[in-house]
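Reviewing the structure listed below.
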Amino acid sequence: MKIGVFDSGFGGLTVLRALLRHIPGVDYAYLGDTARLPYGAKSRATVARYATSSARFLVEEEEAEFLVIACNTASALALDAIHEAVSVPVLGVVETGANAADASSTTRDVLVIATAATVESHAYTAACAARKLRAIEKACPLLVPLVEEGWTQHPVTEEVVRIYMGELMEQSRAANLNADTLVLACTHYPLLRATIERAVPREVRVIDSAEVTAQQVAVQLGSAGGSALCPQVEFFATDSVTKFRELGTQFLGQAIPAVRLVVLGG
Ligand code: DGL
């Protein structure tokens with residue numbers, strides 16, 4: 001059994017990390033579409049084109065039998081297009097993120113931070129509403145480049161996060177929300193989790209969907225999840241494999257031995 005994990009870049013490695021913990025008995029192929037990142041500032045049509053070619057690579061070239069779309073932007077804007085493009089089961093992180101919010105919130109009011117494209121799609125608001133949760137979404141476009149720069153502990157990042165969270169809490173008050181949960185709806189934000197937690201009121205629980213996603217994949221696979229303890233993990237990137245190895249190690253929490261360059265077009 002091979003699971004394909006797709007993200008626009010390195011961030012989805014936080015999801016792969018959770019998958020390896022929960023489902024160690026299968027093989028993995030991870031594709032980061034680093035040449036075309038960021039997806040979060042692009043239109044639905046462009047994200048769908050990029051995401052479907054990436055999904056096809058994992059299924060047609062790498063023979064993945066199950067796809068996890070770890071990228072929130074691709075999950076929010078292109079999940080239907082991906083379903084149409086490939087014939088294997090596909091799981092996106094918007095539904096799993098909304099499930100995590102559902103499990104966490106007692107006030108039923110939640111906050112969501114994500115890329116501009118994810119927020120504009122209102123996919124999270126819709127997924128939350130389906131679970132009877134009220135949601136406020138906020139785009140935090142500066143956070144992805146700051147993380148890509150490796151500035152996860154930098155004072156500038158601390159200040160940017162403080163400003164964004166201040167605006168979000170203001171938005172929440174203006175809408176009369178009593179939020180107790182904040183969803184990190186972007187692959188890069190878990191690396192800023194401690195900074196984000198410091199910038200929101202203590203009663204707001206910060207969650208990300210990596211764990212819930214891995215748990216849901218495990219449930220969907222059932223016994224197909226296997227029990228071998230030495231999974232083969234292959235890494236693919238559409239741009240610099242050196243940068244992927246260096247930055248990716250931070251996201252995955254372990255060294256990345258080899259990365260293969262793939263060309264998927266513009
Ligand atoms: N992977 C994207 C997401 O989770 C963030 C990076 C990008 O904009 O491509 O939304």
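Table for the structure above
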{"quantity": "Choice from Thr157, Thr107, Thr213 with maximal GNM fluctuation in the chain (Cα, 10 Å cutoff)", "calculated": "Thr107"}
{"quantity": "Within the chain, longest stretch free of exposed trypsin sites (Lys or Arg not before Pro) [DSSP loop, at most 13 other beta carbons within 10 Å]", "calculated": "1-131"}
{"quantity": "For the chain, calculated [θ]222 nm from helices alone, where every DSSP H run of n ≥ 4 adds -39500 (n - 2.57)", "calculated": "-13500 deg cm²/dmol"}
{"quantity": "Percent accessible area from carbon and sulfur atoms, the chain, protein chains only, probe 1.4 Å", "calculated": "52"}
{"quantity": "Cα-Cα pairs of the chain separated by more than 35 Å (percent)", "calculated": "11"}
{"quantity": "Cα-based reach from Lys243 at 12 Å (exclusive), listing aspartates and glutamates while leaving out same-chain residues under 8 positions away", "calculated": "Glu148, Glu149"}
{"quantity": "Total charge dipole magnitude, the range 92-184, about the Cα centre, Cβ charges on Lys, Arg, Asp, Glu only, Debye to nearest 20", "calculated": "420"}
{"quantity": "Per-residue SASA entry for Glu60, accessible area with 1.4 Å probe, Å² rounded to 10", "calculated": "110"}
{"quantity": "Cα centroid of the range 6-47 to Cα centroid of the range 157-207, whole Å", "calculated": "23"}
{"quantity": "Nonlocal amide H pairs with Val233, under 5 Å, H built at 1.01 Å", "calculated": "Tyr28"}
{"quantity": "The chain: relative contact order in percent, alpha carbon pairs under 8 Å with at least 6 residues between", "calculated": "27"}
{"quantity": "Space enclosed by the convex hull of the alpha-carbon atoms of the range 1-107, per residue, Å³", "calculated": "105"}
{"quantity": "Accessible area (Å², per residue) of the range 1-157, counting only protein heavy atoms and a probe of 1.4 Å", "calculated": "35"}
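The values are calculated or read from the model by the stated rules, or taken from the named source; none is laboratory data. Since the structure is predicted, the reported quantities are computational estimates derived from the model, not experimental observations. A quick note on method: Cβ atoms are made from the backbone with ideal geometry, for glycine too, and the neighbour counts reach across all protein chains shown. What goes into the accessible areas is simple: the full protein's heavy atoms, side chains included, and nothing from ligands, DNA or RNA. Shrake-Rupley method; radii C 1.70, N 1.55, O 1.52, S 1.80 Å.
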